[in-house]
Amino acid sequence: MNGNNKNTNEAKSIYTLDKNDLNSRIATSYSKMKLGDEKEIKKFAKNLVKIIKNDIKKNKIERKKIVLTHVPTIMKESGIHYIVEKISSKLELQIIELKRLKYSFNYQLMSEEKRKDKTRNLINCPQSVKNKNILLIDDSKVTGSMLNASESCLRKKGANKILKYVLVVIKTKKPGIEGKFDMAAYNKTGLRKVINLINKNQNTPTNFRITMLFNLPKYDQKKAIDELSKNSRKWIRGKVRTFNPKTPIGGSFLKDI
């Protein structure tokens, strides 16, 4: 656990992983949380509450001026939403919602300068953050682009102090690695759990939901596509066949299906 970062401007994290940790207990726990596992959601929320309580006390922040938010995610329902709700309930803090305006870039493939340019106006914040102290939470950090974009938006809208937290720091620049960690628990949760999550998030961009399937074994990609095709017009085989493998958030694992 890395809740004691010396640099107060840096995001505090619960765990740090690298590309060699895909089969680790922590990666499995993180993946289960992303797939909506209640036990893992409670565990991550409990750990984060401890860190946040210490920070509030250490920084002598008045509770009435604290609001809680998270970096907006592509999936409309995922573990981080429920974690923030549990923290809000435990610490009696108001939640504000940030909105992401676009879902079309893979920031791991860009230079730092280009990432800053692409994310400059990517997040929309409510006016209510003015003069508030913000607890900003993200589920994972690879490049930190979305976390930084969210912080930038909050500062532009007049937020006071911003304390940043991430559940997992993934220390690798390998493109697509975040998706691999998202699905690290697949063998322990099963195909049905993945399909249910995708079906539940029908408002999520189609490309991203297809990308989730890329991280399944080939034999289960076919099963998943058959199942999803029955339940959603967006999941017809033609959509998958014509999916552009050069799309920044995608790949070509389904090209032979």
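The values are calculated or read from the model by the stated rules, or taken from the named source; none is laboratory data. Quick caveat: nothing in here was measured; it's all calculated off a predicted structure. Note that each Cβ is placed from the backbone with ideal geometry, even for glycine, and that neighbours are counted across all protein chains shown.
Residue by residue, here is whether (1) within 19 Å of the chain's Cα centre (by Cα); (2) surrounded by fewer than 17 Cβ atoms within 10 Å (Cβ to Cβ); (3) farther than 17 Å from Gly36 by Cβ; (4) at pLDDT 90 or above holds:
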| position | (1), (2), (3), (4) |
| --- | --- |
| Glu92 | no, yes, yes, yes |
| Lys99 | yes, yes, yes, no |
| Leu109 | yes, yes, yes, no |
| Asn160 | no, yes, yes, yes |
| Tyr165 | yes, no, yes, yes |
| Ile177 | yes, no, yes, no |
| Lys200 | yes, yes, no, no |
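In the range 20-34, which residues are in contact with a strand residue (DSSP E or B) (Cβ under 8 Å, 6 or more places away or on another chain) and not hydrophobic (A, V, I, L, M, F, W, C)?
Once the filter is applied, which keeps residues that are in contact with a strand residue (DSSP E or B) (Cβ under 8 Å, 6 or more places away or on another chain) and not hydrophobic (A, V, I, L, M, F, W, C), the range 20-34 yields Ser24, Tyr30, Lys34.
Rundown of residues vs (1) acidic (Asp, Glu); (2) at pLDDT 90 or above; (3) surrounded by 15 or more Cβ atoms within 10 Å (Cβ to Cβ), yes/no style:
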position: Asn5; (1), (2), (3): no, no, no
position: Tyr15; (1), (2), (3): no, yes, yes
position: Lys19; (1), (2), (3): no, no, no
position: Asn23; (1), (2), (3): no, no, no
position: Thr28; (1), (2), (3): no, no, yes
position: Lys32; (1), (2), (3): no, no, yes
position: Leu35; (1), (2), (3): no, no, yes
position: Lys39; (1), (2), (3): no, yes, no
position: Phe44; (1), (2), (3): no, yes, yes
What number of residues in the range 46-90 are modelled with pLDDT under 90, surrounded by 14 or more Cβ atoms within 10 Å (Cβ to Cβ) and over 30 Å from Lys193 (Cβ atoms)?
1
